[in-house]
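Student: There's a structure below that I have some questions on.
Only the coordinates and a few stated rules stand behind these numbers; no lab work does. Predicted model, so just to flag it, every value in this text is computed and none were measured. Ideal geometry is used to build each Cβ from the backbone, glycine not excepted, and the neighbour counts take in all protein chains shown.
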Amino acid sequence: MAWTDNELRWRVLLTFQVALLGMVPPSLRGVTVGWNDRRIVGRCFYDGPIGDREREECSDIEAEVMASFPEYDVEVVAERLDASQDLNPELLNAWVYRRKE
């Protein structure tokens with residue numbers, strides 16, 4: 001299905017927000033997403049080491065997004081970016097979540 005740019009934007013953002021329900025630990029600093037007509041990418045930034053729990057959460061988020069966008073390549077990754085580092089340069093198309101710092 002071909003969506004307008006605005007339709008795709010709000011569908012991606014809402015899908016990620018729903019996927020994040022119950023998946024936001026205190027160490028999650030932010031989630032940014034990027035998309036084009038074939039690919040959706042999410043980057044989850046954590047304060048501190050990335051462990052199995054964080055990877056599993058990203059995998060679960062990725063699976064939910066894939067279910068909503070079967071025609072897209074979807075990737076959600078966990079990345080370490082400690083609180084002393086600025087999140088702003090990491091922005092893709094939009095922020096889905098950013099904790100207050």
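Student: GluC sites (Glu not before Pro), restricted to region 45-89: which are DSSP loop and have at most 16 other Cβ atoms within 10 Å?
Tutor: Sparse-neighbourhood loop GluC sites (Glu not before Pro): 71.
Student: Let me ask something else about it. Taking the 0 to 90 degree range and rounding to the nearest ten, how far is the long axis of helix 5-20 tilted relative to the main principal axis of the chain, both from C-alpha atoms?
Tutor: The angle comes out at about 40 degrees.
Student: Using 0.36 nm times the number of residues separating residue 59 and residue 95, minus their current alpha carbon distance, what extension gain do you get?
Tutor: Length gained between residue 59 and residue 95: 11.1 nm.
Student: Which of the trypsin sites (Lys or Arg not before Pro) found in region 27-62 are in a DSSP loop and have at most 12 neighbouring Cβ atoms, other than their own, within 10 Å?
Tutor: Loop-located and lightly packed - 38.
Student: Further, regarding this structure: Based on the Cβ-Cβ distance of residue 17 and residue 87, what FRET efficiency does E = 1/(1 + (r/R0)^6) give at R0 = 22 Å, to the nearest 0.05?
Tutor: 0.80
Student: Calculate the all-directions average of the projected area of the chain's alpha-carbon convex hull, and give it in nm².
Tutor: The number I arrive at for the chain is 6.1 nm².
Student: Still on this structure: Nearest 10 degrees, 0 to 90: what angle lies between the long axis of helix 52-68 and the longest principal axis of the chain (Cα atoms)?
Tutor: 10
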